[in-house]
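Every read-out reported here was derived from the displayed coordinates using simple, explicitly stated rules and does not represent laboratory data. Since we're looking at a predicted model, the values are computed, not measured. Backbone-built Cβ (ideal geometry, glycine too); neighbour counts: all protein chains shown.
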Amino acid sequence: MDFLNALVALTNYVIVPGMAYGAQLALGALGVTLIYGILRFSNFAHGDTMAFGTAMTIMVTNGLLALGITFGPLPTALLALPFGIILTCLLVLGTDRLVYRFYRKQKAAPVILVIVSMGVMFIMNGIVRFTIGVRDIQFADGERFIISVRTFKEMTGLQEGLAIKATQGITVGVAVIVVAMLFWFLNKTRTGKSMRAFSDNEDLALLSGINPEKVVMVTWMIVAALATTAGVLYGLDKSFKAFTYFQLLLPIFASAIVGGLGNPLGAIAGGFVIAFSEVTVTYAFKKVLGYLLPESLEPSSLVQLLSTDYKFAVSFSILIIVLLFKPTGLFKGQSV
Amino acid sequence: MTLTYRNAFLVLFVASLYILEGATDFWIFSGSWDSSLKMLSFALIGAIMALGVNLQWGFAGLFNIGVMGFVALGGLATVLVSMPTTPGAWSAGGWTILMGLILGAVTIVTAVFMLRWLPKGRMRTWLTIAFLVLGFFAFRAVFDYGVAGVEAINPAATGYLGGLNWGGENYKDYGWLTIVAWPVGGLLAAGAAWIIGKTALGLRSDYLAIATLGIAEIIIAVMKNEDWLARGVKNVNGLPRPVPYEIDLQNDPGFVEKAASYGLDPVTASTLYTKMGYVILFTIVLVILLWLAQRALNSPWGRMMRAIRDNETAAEAMGKNVTARHLQIFILGSAICGIAGAMMTTLDSQLTPTSYQPLRFTFLIWVMVIVGGSGNNFGAVLGGFLIWWLWVMVEPLGQWIAEVTTSGFAVDHWFRIRMEDAAAHFRLFTMGLVLLLVLRFSPRGLMPEK
């Protein structure tokens, strides 16, 4: 019984939040990794692209709610998500046309593109602040729980409760659908195949008649969709605040690099590695150990390895360790 | 020749921006010398940071976006040097904390040597991991005990170790200690840069960028959480000052008389006097650093650096040790950022870890360097002055734009309210726009490298 209680506590505080956070990071890292694979630079504006997409989705959600449209038990934001994606697509395609294309034509060094993306980051951050402000915004509606602590306790008779928030379930569900669609697209369609060819060997791809501008355009559209989805899921699960999204840049980059930059499978694995390490290292294991150990050995302290404020340090340390010992990432990524 | 005319014009233009701020309240200018001097002292600090980043990026092509971390370490140095030692803190746990930290350092160093000396294999990996885990718990046990002792001492007012100021109650009489703190801030930042450089400099440019970004966030996280060090988010207030206090000047009959002879009332005169004091001190530091950087740029060492930047392989073939040179310049540039950070905390008279934002302390400095002209020290300094002016003035400028565009609308029209709301967020947008425009149309900056 004690063992079951320990397992439930662990699931409740580590596994479920870790899964949801991991899915969000994985979607974010997929965007970063695609940009890196096709356009060959680290996009620092990615966090703010996510923020923009989420801001647009929130505004459409508010519009829908004002019209009296809801999505039943699901959050209305999911209904608004396609509109958010379309608006974000327009923004990133506009940015590419106005800003990035010039440097692509010049064949500028990747580091110049990174600096350019810093400028884009400033501008997108400004746009988000203009349109929606800097406040903390909660926009999750619909059902709150898939399983609440009380129902779980009644169902199982265990002392320890398990709660799965609806947003956590939705996050994982949507992420699975999105990733499945992405891999189907990359592996089965003609455009997807040409994208992979372009990523593997640009010269050969150009030689075989692949239109680079089309590949770049499709990449930006996919990245916009991924970034908006990731941003909306993160916002539903926690809350939306422009600055938090900028800070997500670090764990997202860590996920992409740990998995191997340019490798979509790696980005997903990296997302979960980073998420679970962050949650595990900053979780206080007192409760779990209390169930498992005999009373005499029960810990008196919290058994928390690091305080939650150091979660950046966790993703960062993993990043450094991987870079030092396996520079191309866990899955073989590109190295330029 | 045309280039020097252009440079002279640019310098005059930027200087006039600051003079106008003090001299006239026309358009967006406030017409207050007080605000002009305040802006100038922050611009001087910004220019010094830009000099540091220019050393790394302009000379050596190192992409460091962790400037904020080094600036914050400089600020920490000011507290550690100039604040009074908290009575009893060292005996209550200070030494224990120190021992804990040494224990942690010894663990890491031993682990590094284990990796280096033990025979390769699975055995080595597991031994090292086990050793690290054990070391971590030992470190936490000693360290946490010491921290609890220090933080228990009057947490509302101190609860930290304090600094090295031996003045006790009268610590504010030792204001010159803050000036001592500036080079100490540089040293602290240099030490951190050495550790980071040792681990991360071998990586490619965008990995180094992410690594420095992460380090900066971690330094801020440490400063926010470790209350025993500098009170964390409770902030350290009332740092001593290297310049006299306004109230003392106002009570000094000699000063009041002098002020009256210039036709100034004592209050205005005293604020101007102290602000001028900071400006003079900062100018001295900037001039010294600029002179050193200029000497470095034109020395054989500077030529070697640029050679490495332009073609690493060729420089290596010529027998230059690229990694060592990169480490060297990374440390130097970071030290300059640390000095600037210590100066900034001195100017603020307080250390507020939550005020360190990457957009303001890292990316803004980058905008300064790129706009000014990377690779040219004078350009970076000019960029510092220009961009800081813009950073401050964008708000009144935004309000002015909002006023002009909405003047035809009623006071409560939604468009007008929206525009006035947006004016406050004009800053980041403008910075991004300036950066992109310069990168596109004048990629070498306003004062290009020769």
request  = Can you pull the one-decimal nm distance between simple spin-label points at residue A:136 and residue A:151, each 7 Å off the Cα toward Cβ?
outcome  = 2.7
note = Full extension between residue B:262 and residue B:450 adds, at 0.36 nm per residue less the Cα distance, a length in nm of 63.2 nm
ask   = Under a point-charge model restricted to the Cβ atoms of Lys and Arg (+1) and Asp and Glu (-1), what is the dipole moment magnitude of chain B relative to its Cα centre, in debye to the nearest 20?
value = 2020
request  = Can you grab the distance from the C-alpha centre of segment A:111-152 to the C-alpha centre of segment A:173-204, Å, no decimals?
outcome  = 26
key: Hypothetical label at residue B:248: residues of segment B:38-82 whose amide nitrogen lies under 18 Å (7 Å Cα-Cβ projection)   = B:82
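Can you compute the FRET efficiency between residue B:233 and residue A:207 using 1/(1 + (r/R0)^6), with r the Cβ-Cβ distance and R0 = 60 Å? Round to the nearest 0.05. All intermediate terms of the calculation are to be shown ahead of the outcome.
Values: r = 58 Å, r/R0 = 0.97.
Once rounded, the FRET efficiency stands at 0.55.
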task = Working from Cα positions, state the angle (0 to 90°, nearest 10) between the long axis of helix A:110-132 and the longest principal axis of chain A.
result = 60
task = In whole Hz, with x marking every Gly and Pro, tabulate ³J(HN,Hα) for segment B:434-440 from phi via Karplus 6.51 cos²θ - 1.76 cosθ + 1.60, θ = phi - 60°.
result = 4, 4, 5, 5, 5, 4, 7
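Taking the highest mean first, how do the peptides B:365-372, B:119-126 order by number of other beta carbon atoms within 10 angstrom per residue?
Numbers: B:365-372: 28.9, B:119-126: 9.9.
Ranked from most to least packed, the peptides come out as B:365-372, B:119-126.
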task = Give me the distance in nm between label points sitting 7 Å out from Cα along the Cα-to-Cβ direction at residue B:8 and residue A:71, one decimal.
result = 6.6
ask   = Dipole of segment A:1-122 (Lys/Arg Cβ +1, Asp/Glu Cβ -1, origin at the Cα centre): which of A:23, A:119, A:33 lies farthest to the positive side?
value = A:119
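Can you bin segment A:2-325 into rounded, prolate or oblate? Criterion: square roots of the alpha carbon gyration tensor eigenvalues sorted a ≥ b ≥ c, rounded for a/c under 1.5, prolate for a/b above b/c, oblate for the rest.
Values: a/c = 2.04, a/b = 1.55, b/c = 1.32.
Prolate shape, in that a/c is at least 1.5 and a/b is the bigger ratio.
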query = Among A:225, A:68, A:301, whose Cα lies farthest out toward the positive end of the dipole of chain A, if unit charges sit on the beta carbon of Lys, Arg (+1) and Asp, Glu (-1)?
reply = A:225
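What size of dipole, in debye to the nearest 20, comes out for chain A about its Cα centre when the only charges are +1 on Lys and Arg C-beta atoms and -1 on Asp and Glu C-beta atoms? Intermediate results must be reported in sequence, preceding the final value.
On the way: 24 positive and 17 negative charges, 194 e Å.
Dipole about the Cα centre, nearest 20: 940 debye.
Multiply the residue separation of residue B:136 and residue B:291 by 0.36 nm, subtract the distance between their alpha-carbon atoms, and state the gained length in nm to one decimal. Walk me through the numbers on the way to the answer.
On the way: separation 155, 0.36 × 155 = 55.80 nm, distance 4.54 nm.
Stretched fully, the residue B:136-residue B:291 segment lengthens by 51.3 nm.
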query = Excluding same-chain residues fewer than 8 positions from residue A:107, which aspartates and glutamates have a Cα within less than 12 Å of its Cα?
reply = none
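What FRET efficiency would be calculated for the residue pair residue B:324, residue A:325, taking the C-beta separation as r and a Förster radius of 22 Å, to the nearest 0.05?
0.45
With +1 assigned to the C-beta of every Lys and Arg and -1 to the C-beta of every Asp and Glu, and no other charges, what is the dipole magnitude of the protein assembly as shown about the Cα centre in debye, to the nearest 20?
On the way: 53 positive and 43 negative charges, 549 e Å.
The calculated dipole for the protein assembly as shown is roughly 2640 debye.
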task = Please give every one of the aspartates and glutamates within straight-line cross-link reach of residue A:311, meaning a C-alpha to C-alpha distance under 14 Å, and leave out same-chain neighbours fewer than 8 residues apart.
result = A:278, B:217
remark   = Kirkwood radius from Cα pairs of the protein assembly as shown plugged into Stokes-Einstein at 10 °C, 1.306 mPa s, gives D in µm²/s equal to 55
message = Could you give the length gained by full extension between residue B:32 and residue B:154, i.e. 0.36 nm per residue of separation minus their alpha carbon distance, to one decimal place?
response = 39.8 nm
message = Under 8 Å for C-alpha pairs, at least 6 residues apart: give me the relative contact order for chain B, rounded to a whole percent.
response = 29
task = Pairs of Cα atoms under 8 Å, at least six residues apart: use those to get the relative contact order of segment B:1-126, whole percent.
result = 8
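Using 1/(1 + (r/R0)^6) with R0 = 22 angstrom and r between the beta carbons of residue A:190 and residue A:102, what's the FRET efficiency to the nearest 0.05?
Working: r = 29 Å, r/R0 = 1.30.
After rounding to 0.05, the efficiency reads 0.15.
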query = Relative contact order for chain A: what is it in percent, counting Cα pairs under 8 Å that are at least 6 residues apart?
reply = 32
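Treat the count of other C-beta atoms within 10 Å as a stand-in for reagent exposure and order B:337, A:89 from fewest to most. Walk me through the numbers on the way to the answer.
Working: B:337 35, A:89 19.
Ordered by Cβ neighbours within 10 Å, fewest first: A:89, B:337.
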key: Hz values of 3J(HN,Hα) by residue in segment A:227-238 - Karplus curve (6.51, -1.76, 1.60), Gly and Pro given as x   = 5, 5, 4, 4, x, 5, 5, 4, x, 5, 6, 10
remark   = Note to self: C-alpha centroids of segment A:154-170 and segment B:280-337 sit apart, in Å, by 59
note = Taking placed amide H atoms and a strict 5 Å upper bound, the residues 5 or more places from residue B:165 or on another chain that come that close are B:83, B:85
query = Which listed residue (B:133, B:378, B:426) has the Cα farthest towards the positive end of the charge dipole for chain B, taking +1 on Lys and Arg C-beta and -1 on Asp and Glu C-beta about the Cα centre?
reply = B:133
inquiry  = List the pairs from A:238/A:287; B:38/B:198; A:214/A:238 whose alpha-carbon separation is above 29 Å, in the order I gave them.
reply    = B:38/B:198; A:214/A:238
